[in-house]
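The values are calculated or read from the model by the stated rules, or taken from the named source; none is laboratory data. What you are looking at is a predicted structure, and each value in this text was computed from that prediction instead of being measured. Heads up, the Cβs are rebuilt from the backbone with ideal geometry, glycines too, and the neighbour counts pull from every protein chain shown. The accessibility values were calculated without ligands, DNA or RNA, using every heavy atom of the protein model including side chains. Shrake-Rupley method; radii C 1.70, N 1.55, O 1.52, S 1.80 Å.
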Amino acid sequence: MATNSQSTLDEVDKDGNVKRTESTFRGTVSSSDPVHKPEAGRYHLYVCNACPWSQRALIARALKGLEGVIGVSATHPTWQKTLPDDDNDHHYGWAFASPDDPPFVPPGGYGSVPSGPGAIPDPLHSFKTVRQIYDMAVGPGKMSKYTVPILWDEKTKKVVNNESSEIIQIFNTAFNDVEGVGNPGLDLAPQTDQERAWAEEVDDWLYNEVCNGVYRSGFAKTQGAYDVAVTSLFAHLDKLEQVLSTRRYLAGDRVTLSDVRVFPSLVRFDEVYNVYFKCNKKRLVDYPNILNYVRDLYQSYPEGFASTTDMDHIRKHYYTSHAALNTYAIVPVGPNFLKTLTEPHDRDRTF
Ligand SMILES: N[C@@H](CCC(=O)N[C@@H](CS)C(=O)NCC(=O)O)C(=O)O
């Protein structure tokens, strides 16, 4: 396993398999937590709109109506040098910008990328990079990776949690008694023991083989590692297609956290993973049930699923951030998947 990997791109074992390290901060917000109590205006969410794990947090925040209670900042989609004045530091990662700032030059030195309207600078500390957030929380040089999303506690100046699957659970439960929450009664958790067991199983294989499976395919550093990852990815997309032939949502008769977890990976598939990560055995549009499921979420819950889908940032980020994979930072034309998403679906008639 590569040590001190500074990005998922470099987290590979000796056989070229991607091995994602666990998230570091696993705290929670709760009235029974000794430190992080639920309060309006105390917590801030740092994201990149292009990042699927960040979009999970944005969807949960929007569905629960937490916009007035938890602020958000969104980085520029193109990675930058995070210590630009230090010639001995070679880390590239997330940097903040405002839509009026000059375009960023991608890491390979070619091209020029405007932030687009989706970038939101940091209002709390005017942080220039995500690296500075971690440096403030734990001190410089303590972290080897600087990932988003981050749930930040402004009162203690600490990172509460940087694991998307847990941030969405915090958003679902922690702030329901706080004034100003738009949708405190909405429960995104599975409701019965049976649904909970099923959700756990589905979440597990979807995370390993699909959501992370696209990265295991796209960042693999040997043919063998890629072959294993991509074969399993399509076997599990076939399985998802089957699952969605008998149920409208993943884990129950309404939207749950399982849908929140998988949607961001599916919505990126045809624009990015199919091309950039070499996941091109099939496209998402070749799976009728999956396609209509994504359309259903996008159209039926636009505040959660559509408003948080920033296809401009999605396309810009992947194609312009990794000099080793796309030196000249050319963004391919794409199939206009957003248009496909607005076309009619059959889910309400089928279920
Ligand atoms: N397990 C984390 C993964 C977060 C993650 O890998 N985020 C990516 C963005 S898509 C990141 O910030 N990568 C920075 C890097 O690899 O240097 C979660 O689900 O929250």
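Data for the structure
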item: First in the stretch 20-33 and over 30 Å from residue 225 (Cβ atoms), second anywhere and of a type in the set (A, V, I, L, M), Cβ under 6 Å, 6 or more apart; result: 27/160; 28/170; 29/170; 29/174; 30/174
item: Pair list, Cβ < 7 Å and 6+ apart or interchain, from the stretch 150-177 residues that are farther than 20 Å from residue 73 by Cβ to residues that are within 13 Å of the ligand (Cβ to nearest atom) and modelled with pLDDT under 95; result: none
item: Residues within the stretch 133-153 that are hydrophobic (A, V, I, L, M, F, W, C) and within 13 Å of the ligand (Cβ to nearest atom), tallied; result: 5
item: Any hit, the stretch 6-19, residues being in contact (Cβ under 8 Å) with a residue 40 or more places away in the chain, within 22 Å of residue 123 (Cα to Cα) and away from the ligand (no atom under 12 Å from the Cβ); result: no
item: Answer residue from the stretch 255-295, given it is of a type in the set (Lys, Arg) and farther than 22 Å from residue 54 by Cα and is surrounded by the most Cβ atoms within 10 Å (Cβ to Cβ) among those; result: 283
item: Search result, residues across the stretch 60-78 that are within 13 Å of the ligand (Cβ to nearest atom) and within 12 Å of residue 167 (Cβ to Cβ); result: 60
item: Residue 246 more than 16 Å from the ligand (Cβ to nearest atom) and polar (S, T, N, Q); result: yes
item: Segments classed as helices (runs of 4 or more DSSP H), wholly inside the stretch 154-220, with at least 1 members that are small (Gly, Ala, Ser) and within 14 Å of the ligand (Cβ to nearest atom); result: 164-173, 213-218
item: The stretch 125-153 - residue that is among the aliphatic types (A, V, I, L, M) and in a helix (DSSP H, G or I) and, of those, surrounded by the fewest Cβ atoms within 10 Å (Cβ to Cβ); result: 138
item: The one condition in (1) under 27 Å from residue 63 (Cβ atoms); (2) among the aliphatic types (A, V, I, L, M); (3) open to solvent by 20 Å² or more (accessible area, probe 1.4 Å); (4) under 20 Å from the mean Cα position of the chain (by Cα) that residue 220 fails to fulfil; result: (1)
item: For residue 195: the one exception among (1) in contact with a helix residue (DSSP H, G or I) (Cβ under 7 Å, 6 or more places away or on another chain); (2) under 17 Å from residue 250 (Cα atoms); result: (1)
item: Any chance residue 56 is open to solvent by 10 Å² or more (accessible area, probe 1.4 Å), within 12 Å of the ligand (Cβ to nearest atom) and among the charged types (D, E, K, R); result: no
item: Residue among 50, 97 that is of a type in the set (Gly, Ala, Ser), near the ligand (Cβ under 9 Å from one of its atoms) and either touching a Gly at 6+ places or on another chain (Cβ under 7 Å) or modelled with pLDDT of 95 or more (or both); result: 50
item: Selection from the stretch 21-51 of residues that are more than 19 Å from residue 134 (Cα to Cα) and open to solvent by 40 Å² or more (accessible area, probe 1.4 Å); result: 31, 32, 34, 37, 39, 40, 41
item: Residue satisfying all of: in the stretch 171-188; out of contact with any Gly (no Cβ under 9 Å at 6 or more places or on another chain) and among the aliphatic types (A, V, I, L, M); nearest to residue 41 (Cα to Cα) among these; result: 178
